[in-house]
């Protein structure tokens, strides 16, 4: 599963390909925003890097002085641990545009230093502000057993929303004492306590984390398990279910092939059909030329 790290690596490539700036220099640029479901979804374009952007959202109530009424042009602010965003611009129908300026908080850097986390550069501090993570999260995670030691660690838990509550929920679901990387990967791939419980209820208890993540990555859901059982596949192992999903063996595919005479095909037979590109269209084309194909 070497592809598991790709989302985080993408973030790192984008982040660290940018120039390192002095952290006491305010950043500024243009913004566009859309109001959706009581949140303002923002895209910030730094003035000195117009081709880059920072996208994030925050509840409307998190902003100071914000009014999204059409025609409003009053300035507003968003205060985060890492610093303060000051916005100017104008709103139309649920959309706005304007300029922004970010002023980093010097106390933030000092607090990180006291926790053993090195000083972030300006670009990193801006990113930390957009994902709203800082000393408070670092302290809370330390209490939960995860001591952050680098800006990279802080960015990971912020970008992927790793919280003490999530860590405790995983532990309660049977996955205690995971490494920070394992917790981050679980978050990236949608491993939730609810998914763990649902799979356990479907008969898949005590799975190792790697298998659990693989099932999540490839879309092995309780619904898929129930549908396959309804078609007679009652004792499939977790890796079999993952294989079916990887190769596109869906309940619809099973029914199509059974309708063409493949009534006794096993799960492995069906995967082999998919691997070799044999589907209902292919079988029908053979039937026209050479009669009904031999059943597996």
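The values are calculated or read from the model by the stated rules, or taken from the named source; none is laboratory data. Quantities reported herein were computed from a predicted structural model and do not represent experimental measurements. Note: ideal-geometry Cβ built from the backbone for every residue, glycine included; neighbour counts use all protein chains shown.
Within region 255-269, the presence of a residue that is within 28 Å of the chain's Cα centre (by Cα), at pLDDT 95 or above and not in a helix (DSSP H, G or I) is excluded. Of all the residues in region 81-100, those that are modelled with pLDDT of 95 or more and part of a loop (DSSP other than H, G, I, E, B) number 2.
Scanning region 228-246 for residues being within 18 Å of residue 280 (Cβ to Cβ) and crowded, with 16+ Cβ neighbours inside 10 Å gives a total of 1. Residues of region 112-154 that are in contact with a strand residue (DSSP E or B) (Cβ under 9 Å, 6 or more places away or on another chain) and assigned to a helix (DSSP H, G or I): 122, 123, 125, 126, 127, 128, 129, 130. The set of residues in region 169-189 being exposed (fewer than 14 other Cβ atoms within 10 Å of the Cβ) and modelled with pLDDT of 95 or more consists of 172, 176, 179, 181. Screening residue 206 on (1) touching a helix residue (DSSP H, G or I) at 6+ places or on another chain (Cβ under 6 Å); (2) more than 30 Å from residue 278 (Cβ to Cβ); (3) assigned to a loop (DSSP other than H, G, I, E, B) shows it passes everything except condition (1). Summed over region 74-114, the residues that are in contact with a helix residue (DSSP H, G or I) (Cβ under 9 Å, 6 or more places away or on another chain) and surrounded by 16 or more Cβ atoms within 10 Å (Cβ to Cβ) give a count of 14. In the set 243, 277, 248, only one residue is at positive phi and modelled with pLDDT of 95 or more; that residue is 248. Each residue in region 155-169 was checked for being under 11 Å from residue 144 (Cβ atoms) and either assigned to a loop (DSSP other than H, G, I, E, B) or free of Cβ contacts under 8 Å to residues at least 24 places away in the same chain (or both), and 4 of them qualify.
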